[in-house]
Structures are given as C-alpha cells and as structure tokens.
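The values are calculated or read from the model by the stated rules, or taken from the named source; none is laboratory data. Fair warning: this is a prediction, and the values are worked out from it, not measured in the lab. Because the Cβ atoms are built from the backbone with ideal geometry, glycine has one as well, and the counts that use them run over all protein chains shown. Heads up: the accessible areas ignore ligands, DNA and RNA and are worked out on the full protein's heavy atoms, side chains in. Shrake-Rupley method; radii C 1.70, N 1.55, O 1.52, S 1.80 Å.
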Amino acid sequence: MDHATRREKNAAYRLYLTKALELVESGIELAKILFRSFSNRSTAGTSHLPPLRWVFSQQALLELGTALHGCGALVDEKGAKPTFTVLMRVLCRTFGIVINDIYVKRTQMFDRSQSVTPFLNRMVETVNQMADERLK
C-alpha cells in the first residue's frame, strides 16, 4: 500500500472517529436535556408523558444503554459511574417504557451470533451518510 492510499485511509478513519465521537457527544447532550426535563417535572397530580418517546425496540435501547455505560459517558451528581441497572432505569423512565429482565436481555444481546449491535451500527452508518452528504 502506497503512502497516498494509506493517508486517504487514515483521513477517512479520522473522519469516522470524529463523527462517532460527535454522535456520542450529541447523545450525551440529549440525555442531559431529557434528564433535566424529567427531573423538573412535578411529581404531584397526574403523570405526564415524556416529551420524547422511544420508537425502536427494547433491545435497541439496551444497546444504547450498554454503550453509554461501557464508555463511561454518564456520571451521577457525585461524578461516579452509575450501575448499568440505574442507567437503564433512567433511560426507561425518560422514554416511558418498561424493560423487564434487563441483565437477561443484555446477556442475550452479547450472545447474538450475527451482529451484537445492529442499532448502534445503524446509527454509525447514518452519521457517516450524513457526513458524506455534507461533504458533497
């Protein structure tokens, strides 16, 4: 492989990593907004639906929660990494869904024979497509 090809691949890889990092940072900002929105709601009286609803599968939310937990993207008010269960409870409450047997479903996710993270892969593909369109 010549230097020019290697440089092009490195540039493409650098762009991919930059976009992936931007995706994670955007997710963190979204989580901050959602958590603030949820915590500012009154608990008295009737319950309100969250401002945003999760429309993908429970498994997709588990993938997202696993990735956020694994990379340490979220911390509690003391700066400590929350447990996976706490993180998933917050995500489920934020999006108004219920996921039972979180650890069983996460284990099933890790045991997939094909793709372990189809939702996260789809997110990365989407960001890459958006970046490609922007660069045109």
Fill in the blank from the handout: Taking first residues from segment 114-136 that are within 15 Å of Gly27 (Cβ to Cβ) and second residues anywhere that are charged (D, E, K, R), the pairs with Cβ under 6 Å that are 6 or more apart or on different chains are Thr117/Glu63; Phe119/Glu63; Leu120/Glu63; Val127/Lys19
Exercise for the section: Would you confirm whether any residue within segment 115-125 is touching a Leu at 6+ places or on another chain (Cβ under 9 Å) and aromatic (Phe, Trp, Tyr)? Expected result: yes
Practice task
Check off (1) part of a helix (DSSP H, G or I); (2) open to solvent by less than 50 Å² (accessible area, probe 1.4 Å) for Glu133 and give me the number that stays unchecked.
Solution key: (2)
Problem - segment 86-113, subset outside any helix (DSSP H, G or I) and either open to solvent by 40 Å² or more (accessible area, probe 1.4 Å) or free of Cβ contacts under 8 Å to residues at least 12 places away in the same chain (or both), residue farthest from Gly65 (Cα to Cα) - result: Ser113
Practice task
Return yes when Ser47 is among the polar types (S, T, N, Q), open to solvent by less than 60 Å² (accessible area, probe 1.4 Å) and either under 21 Å from Val98 (Cα atoms) or modelled with pLDDT under 75 (or both) and no when it is not.
Solution key: no
Problem - Count of residues meeting criterion [closer than 20 Å to Thr117 by Cα and among the polar types (S, T, N, Q)] in segment 71-107 - result: 3
